[in-house]
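S.K.: Pasting a structure here, questions to come.
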Amino acid sequence: MDLFNDKFHLNLKRPLAIFDLETTGVDFVKDRIVELSIIRISPDQIRDQLTMRINPTIPIPIESSQVHGIYDEDVAMSPTFKDVAKEIFDFLDPCDFAGFNSNRFDIPVLLEEFIRAGIWMDIESRNLIDIYRIYTMLEKRDLTTAYKFYCGKDLTNAHSAAADTEATMEVMLAQLQHYPAELKNDMRFLHDFSNDERYLDSGRRFVYQNGKPTFNFGKHKGKSVEAVLKEEPSYYNWMLNGDFPEHTKQKFREIKAALGK
């Protein structure tokens, strides 16, 4: 199945970065990237790819290595994320993002890595397209199954970032052709379709509700940030000193500053 052809192209208003990460674990606050692969597609359909191994600076648990096949010795001489953060940031800017379960894991991990490297990546203006979300909404299940279903091929070398990124791209293109009545070849539409809510931070602690930044967790869930800061100003310091993602803390600082509190 030739997905890139003269008859079908992604309708892009800006570049699209389709990416996948392999990590030391599944805690996006504490775990680190060990491999990254990005396919960048320009509006005129030109493809560029960036794939690299990353030294996570922490041990890779054997359970994780057994999944993706990357061990401590494999990345001992690789650059740290901080070493290559600017190169990755430049490659991703000003792209929309697409990935497989990326909104819940890959994007939060990436944002935390950038913050640790001293780089702030704004995602509020970007379209974030989650191929897994589209898949489960329209077919109601992992990438290997999706690849077989949509592309009619077996996914070899699964859990390598490059193979998974390539498969994710092919699944996305196949979805657009498989569901012409349900999906539009438009990144903003796909963003809206694959996101259940517009979260303000990677930790999903803040959402917009009635046009206002609102808490999405804990005892203040459903209350506007403005109201909580007025009722309980100490909540701000509690969060900044708590075990929350750095991206969440930075967004809280921005919200507070915008409110003039």
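S.K.: Could you tell me whether Lys148 is in the same structural domain as Phe189 (by TED's automatic domain parsing) and assigned to a helix (DSSP H, G or I)? Can you show your working first?
M.R.: Details: in the same structural domain as Phe189 (by TED's automatic domain parsing): yes; assigned to a helix (DSSP H, G or I): yes.
Spelling it out, Lys148 is indeed in the same structural domain as Phe189 (by TED's automatic domain parsing) and assigned to a helix (DSSP H, G or I).
S.K.: Look at Phe193 and say whether it is surrounded by fewer than 16 Cβ atoms within 10 Å (Cβ to Cβ), within 21 Å of the chain's Cα centre (by Cα) and under 27 Å from Glu139 (Cβ atoms). Before the answer, list the steps.
M.R.: Details: surrounded by fewer than 16 Cβ atoms within 10 Å (Cβ to Cβ): no; within 21 Å of the chain's Cα centre (by Cα): yes; under 27 Å from Glu139 (Cβ atoms): yes.
In short, no.
S.K.: Kindly indicate the residue of region 249-261 that is assigned to a helix (DSSP H, G or I) and in contact with a helix residue (DSSP H, G or I) (Cβ under 8 Å, 6 or more places away or on another chain) and also nearest to Asn216 (Cα to Cα) among those meeting that condition.
M.R.: Per the stated criteria, the residue is Phe252.
S.K.: Do any residues in region 221-236 that are within 15 Å of Tyr199 (Cα to Cα) have Cβ atoms under 8 Å from those of residues that are part of a helix (DSSP H, G or I), where the two are at least six apart or on different chains, and which pairs are they?
M.R.: Short answer, once both residue conditions are applied: Val225/Phe252; Val225/Ile255; Val225/Lys256; Val225/Leu259.
S.K.: Checking the conditions here, which among Arg141, Arg104, Arg116, Arg126 is surrounded by fewer than 17 Cβ atoms within 10 Å (Cβ to Cβ) and in contact with a strand residue (DSSP E or B) (Cβ under 8 Å, 6 or more places away or on another chain)? Walk me through how you get there before you give the answer.
M.R.: On the way: Arg141 fails: in contact with a strand residue (DSSP E or B) (Cβ under 8 Å, 6 or more places away or on another chain); Arg116 fails: in contact with a strand residue (DSSP E or B) (Cβ under 8 Å, 6 or more places away or on another chain); Arg126 fails: surrounded by fewer than 17 Cβ atoms within 10 Å (Cβ to Cβ).
From the options Arg141, Arg104, Arg116, Arg126, the qualifying one is Arg104.
Residue-by-condition table, conditions (1) surrounded by fewer than 17 Cβ atoms within 10 Å (Cβ to Cβ); (2) more than 30 Å from Leu138 (Cβ to Cβ):
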| site | (1), (2) |
| --- | --- |
| Gly203 | no, no |
| Val207 | no, no |
| Ser224 | no, yes |
| Leu259 | yes, yes |
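S.K.: Give the residue that is nearest to Thr144 (Cα to Cα), with candidates limited to residues of region 63-97 that are of a type in the set (Asp, Glu) and under 21 Å from the mean Cα position of the chain (by Cα). Steps first, answer last, please.
M.R.: First pass over region 63-97, keeping only residues of a type in the set (Asp, Glu): 63, 72-74, 83, 87, 90, 93, 96.
Subset that is under 21 Å from the mean Cα position of the chain (by Cα): 83, 87, 90, 93, 96.
Values: Asp83: 32, Glu87: 30, Asp90: 30, Asp93: 29, Asp96: 24 Å.
Restricting to residues being of a type in the set (Asp, Glu) and under 21 Å from the mean Cα position of the chain (by Cα), the top hit is Asp96.
S.K.: Take region 47-63 and flag every residue that is under 24 Å from Phe114 (Cβ atoms), out of contact with any strand residue (DSSP E or B) (no Cβ under 7 Å at 6 or more places or on another chain) and not hydrophobic (A, V, I, L, M, F, W, C).
M.R.: Taking region 47-63 as the starting set, the residues that turn out to be under 24 Å from Phe114 (Cβ atoms) are 47-61.
Of the ones still in play, those that are also out of contact with any strand residue (DSSP E or B) (no Cβ under 7 Å at 6 or more places or on another chain) are 58-59, 61.
If the condition is that a residue be under 24 Å from Phe114 (Cβ atoms), out of contact with any strand residue (DSSP E or B) (no Cβ under 7 Å at 6 or more places or on another chain) and not hydrophobic (A, V, I, L, M, F, W, C), then Pro59, Pro61 are the ones that fit.
S.K.: Going through region 224-242 one residue at a time, which ones are in contact with a Leu (Cβ under 8 Å, 6 or more places away or on another chain) and either part of a loop (DSSP other than H, G, I, E, B) or acidic (Asp, Glu) (or both)? Don't jump to the end; show me each part of the working.
M.R.: Taking region 224-242 as the starting set, the residues that turn out to be in contact with a Leu (Cβ under 8 Å, 6 or more places away or on another chain) are 225-226, 229, 235-236.
Answer for region 224-242, where residues must be in contact with a Leu (Cβ under 8 Å, 6 or more places away or on another chain) and either part of a loop (DSSP other than H, G, I, E, B) or acidic (Asp, Glu) (or both): just Glu226.
S.K.: While we're looking at this one, here's another question. Give Ile129, Ile119, Ile88 a once-over and let me know the one that is closer than 19 Å to Ile54 by Cβ, modelled with pLDDT of 95 or more and either outside any loop (DSSP other than H, G, I, E, B) or of a type in the set (S, T, N, Q) (or both).
M.R.: Values: Ile129 fails: closer than 19 Å to Ile54 by Cβ; Ile119 fails: either outside any loop (DSSP other than H, G, I, E, B) or of a type in the set (S, T, N, Q) (or both).
None of the others qualify; the one that does is Ile88.
S.K.: I would also like to ask the following. Any idea which of (1) over 18 Å from the mean Cα position of the chain (by Cα); (2) β-branched (Val, Ile, Thr); (3) surrounded by fewer than 17 Cβ atoms within 10 Å (Cβ to Cβ) is the one Ile60 doesn't satisfy?
M.R.: Failing condition for Ile60: (3).
S.K.: Is it true that Asn237 is surrounded by 14 or more Cβ atoms within 10 Å (Cβ to Cβ) and of a type in the set (S, T, N, Q)? Working first, answer last.
M.R.: Working: surrounded by 14 or more Cβ atoms within 10 Å (Cβ to Cβ): no; of a type in the set (S, T, N, Q): yes.
Answer is no for this residue.
S.K.: Then there's this: If you scan region 175-206, which residues turn out to be in contact with a helix residue (DSSP H, G or I) (Cβ under 9 Å, 6 or more places away or on another chain), hydrophobic (A, V, I, L, M, F, W, C) and more than 11 Å from Ile134 (Cβ to Cβ)?
M.R.: The answer is Leu200, Phe206.
S.K.: Now for a different question. Can you pull out the residues in region 80-101 that are under 16 Å from Arg40 (Cα atoms) and touching a strand residue (DSSP E or B) at 6+ places or on another chain (Cβ under 6 Å)?
M.R.: Phe91, Leu92, Cys95, Asp96, Phe97, Ala98, Gly99
The values are calculated or read from the model by the stated rules, or taken from the named source; none is laboratory data. Since the structure is predicted, the reported quantities are computational estimates derived from the model, not experimental observations. When we count neighbours, we look across all protein chains shown, and the Cβ atoms used for this are built from the backbone with ideal geometry, even at glycine.
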